[in-house]
Amino acid sequence: MENSSSGGVLKRERVREHLLGLIEGRRPGDAIPSERTLSAELGVSRPTLRAAVDELVATGQLVREHGRGMFVAPAKITQELVSDDAAFALPRAAGAWSSRLLQLDTVRAGARIGRKLRVSPAADVVYIARLRLVDGAPMAIEHLHIPADLVPSLTPQELEAGDLYDHLREHHHVHVDHAVQSIEPTVINEAEAAVLDIPVLSPALLIERLTTDTAGRPVEYVHSLYRGDRYRIVSRLSLGASAARPRPEGHHPGIPPGDFAHGDIITTSTTGDAH
């Protein structure tokens, strides 16, 4: 027998699924029916309907405009992360990406950055802050740190045009080879909101990356803040049979425990944002 709390969750899920169906059947910018119409159509209260709408607004699937109604939000920018033997052989994220330089300075590494780059806290590093844009719209704020002796002549033009790793290779003889990246949810503070032109406390993805060169030397540490309402990362899973290999312990995110009980190895690659 269904209790009131689970009933509320199920009712919310039913409303959410209906709204997602409306969204998927429309184009970005298209209007969806009013809350009054939807609540009557679905037989739910206005507060229940509004809570489901609020969730989809917060996750960037709907846009609510005061006095005008609700609209399908712009499509999220998607980057697929796939397994590949070649370093940094990742598909490009959707859209036309560009950069706007916010700051370029030479500073002391300090203890935390020094540990990451394996340099003395007193060593000089080049600090770069960039605003990343997609089709002209603000998408992310990047904070990069590169040992200063590797890029003595790094120019603002290199940071705003073309691929940074191409510039590092062609102009500074720095050949990136490997990166370890982490991704976690966060929210936007007041200063970041002003730069990204979104509300304070909006959801975001915090992405940190440590990049090494062909000699295993750290050459870049970057942490980036990507808009959670416009940016999505997709991981591709390889579910190949391999009876000879031991089955890994633990649970793979997104895959229910007990699935693939035949013992196939599950591999996934989320190795980096190559922009």
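Among the residues of the range 198-230, what is the count of those that are open to solvent by 50 Å² or more (accessible area, probe 1.4 Å) and under 17 Å from the mean Cα position of the chain (by Cα)?
Residues meeting the conditions: 4.
Among all residue pairs at least 6 apart or on different chains, which show Cβ distances below 8 Å where the first residue, located in the range 220-246, is more than 16 Å from Ser99 (Cβ to Cβ) and among the charged types (D, E, K, R) and the second is modelled with pLDDT under 70 and not in a loop (DSSP other than H, G, I, E, B)?
Pairs that qualify, where the first residue is more than 16 Å from Ser99 (Cβ to Cβ) and among the charged types (D, E, K, R) and the partner is modelled with pLDDT under 70 and not in a loop (DSSP other than H, G, I, E, B), are Arg236/Glu80; Arg236/Leu81; Arg236/Thr268; Arg245/Ile265.
Restricted to the range 59-92, and to residues that are of a type in the set (Gly, Ala, Ser) and modelled with pLDDT under 85, which residue is most open to solvent (accessible area, probe 1.4 Å)?
Ser83
Looking at the range 162-174 only, could you name the residues that are within 17 Å of Leu133 (Cβ to Cβ) and touching a residue at least 60 places away in the same chain (Cβ under 8 Å)?
The one that is within 17 Å of Leu133 (Cβ to Cβ) and touching a residue at least 60 places away in the same chain (Cβ under 8 Å): Asp163.
The values are calculated or read from the model by the stated rules, or taken from the named source; none is laboratory data. This one's a predicted model, so the numbers in the text were calculated from it and none came from an experiment. When we count neighbours, we look across all protein chains shown, and the Cβ atoms used for this are built from the backbone with ideal geometry, even at glycine. Surface areas here come from the heavy atoms of the whole protein model, side chains and all, with no ligands, DNA or RNA. Shrake-Rupley method; radii C 1.70, N 1.55, O 1.52, S 1.80 Å.
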